[in-house]
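A short write-up of the structure that comes next.
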Amino acid sequence: MSVHLVTGDDESLRRAAVNTLVHDLVGDGERSLMVDEFDGDDYELRAAVDAAQTPPFLSATRVVVVRDVGRFGTEELAPLLHYLEAPLDTTALVMVAGGGRASKRLVDAAKSVGTVVDTSPPSRTRDRVEWIADHATAGDVNLDPRAATFLAEWLGDDVGRLDGIVATLRSTYGGRAKLTIADIEPFLGDAGGVPPWEFTDAIDAGDTTKALTLLGRMMHAGGRHPLQIMAVLHGHYSNLAKLDGADARSEADAMAVTGIKSGYPARKALDSYRRMGPAAVRRAIELLAQADLDLRGARDLPDTVVMEVLVARLSKLRR
């Protein structure tokens, strides 16, 4: 009996994980005889369940891959949930999230009889560097610590590019000992997008050069529209504005005032507010309001210019 649910926001990472998993499940067997795959918008979940319930032919195991299960509602999932109550011993069922958020009932059912593989990279920088180094090692590419850190910063949010980079490095260097920044840099193109918190951290730190660099990566490699970036900034400074006059003194106070659910980002917001002070926070809100009008046509300026001027001004707002 084998049941697997592969989750994660990045489609390329999900597909890479599924390919590896199916390869391991097939082993030395004949893939064309063992694997049934259901993909696209037109397959019915009942057909996939019927395949999972069918004994294998000319092989010991049948591998059934069901993609985009997130697009199915609770009623549509009923046959699959019923199957998971007593999965067939000779079927390896691989369900792939996508098409929407996987149902909690499906996740719980998969956990009860099998495994859930989360392909999402860690959010913390240190953990993400380790994740990238481990991912590269699994692909027969060894990175020294500085190269792994450099690659993590270069990829940013665009972790879906990692497998292609690892494949290129493997074909170039083989199993060579630790690769350095100088070894990998020639094979990297434009830097990927960046997490929003890294962008706002640079602004809060007053690092104008870094903030503008990250803005460019978000707009170009990250593919974010200026109004999407404005939404990030509005959310960030709205939390700081909530702290104005609230007399928040601790992480718990900041969580209560801002509504932030996690302690670490609440502490960061409180620290940023203290560095800026109330006058600078109010000025930030004014700058955001003006930039929002400019993006909507108040002044005949390119969107890129509006955003660069805004970010440069925000990065100067320190007490």
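All of the numbers you see were taken from the coordinates with simple rules; none came from a lab. Quick caveat: nothing in here was measured; it's all calculated off a predicted structure. Here Cβ is always computed from backbone atoms with ideal geometry, including for glycine, and neighbour counts include all displayed protein chains.
Comparing 14, 105, 170 in a Gaussian network model of the chain, where Cα atoms under 10 Å apart are tied by springs, the biggest mean-square fluctuation is seen for 105. Taking the square roots of five times each eigenvalue of the Cα gyration tensor of region 125-187, the equivalent ellipsoid has semi-axes of 16, 12, 11 Å, listed largest first. For region 2-118, the mean projected area of the C-alpha convex hull, equal to one quarter of the hull surface, is 6.5 nm².
Sites count as exposed loop sites when they are GluC sites (Glu not before Pro), lie in a DSSP loop, and have at most 13 other Cβ atoms within 10 angstrom; the longest stretch of the chain without one is 86-319. Compared with the dominant principal axis of the Cα atoms in the chain, helix 11-26 is inclined by about 20°.
Residues considered: 260, 203, 181. Largest GNM mean-square fluctuation over the chain, using C-alpha springs under 10 Å, is found at 260. For region 1-93, the relative contact order works out to 38 percent when only alpha carbon pairs closer than 8 Å and six or more residues apart are counted. What FRET efficiency, computed as 1/(1 + (r/R0)^6) with R0 = 41 Å and r the Cβ-Cβ distance, is obtained for residue 31 and residue 185, rounded to the nearest 0.05? The calculated FRET efficiency here is 0.65. Taking the C-alpha atoms only, the angle from helix 303-314 to the longest principal axis of the chain is near 60 degrees. Taking the C-alpha atoms only, the angle from helix 226-242 to the longest principal axis of the chain is near 60 degrees. Close amide H contacts of residue 63 (hydrogens built in the peptide plane, cut-off under 5 Å, sequence separation of 5 or more or a different chain): 35, 36, 92. Over all alpha-carbon pairs of region 204-319, lay out the pair-distance distribution in 5 Å bins, whole %, shortest bin first. Result, from short to long distances: 2, 12, 21, 21, 19, 14, 7, 3, 1 percent.
Contact order, relative form, for region 196-314: 27 percent (alpha carbon pairs under 8 Å, 6 or more residues apart, mean separation divided by residue count). Greater than 23 Å separation of Cα atoms is the criterion. Which listed pairs, 242/268; 268/316; 210/316, meet it? Beyond 23 Å between Cα atoms: no listed pair. Given bins 10 angstrom wide, list per bin the percent of all Cα-Cα distances in region 107-227, short to long. Whole-percent P(r) values from 0 Å outward: 12, 38, 30, 16, 4, 0. Per residue, the average separation of C-alpha pairs within less than 8 Å and at least 6 apart gives the chain a relative contact order of 14 percent.
For residue 3, the residues whose modelled amide H falls within less than 5 Å of its own, excluding neighbours fewer than 5 places apart on the same chain, are 93, 115.
Between the labelled values (i) 20.7; (ii) 19.6; (iii) 15.6, the entry that holds mean projected area of the Cα convex hull in nm² as derived from this structure is (i).
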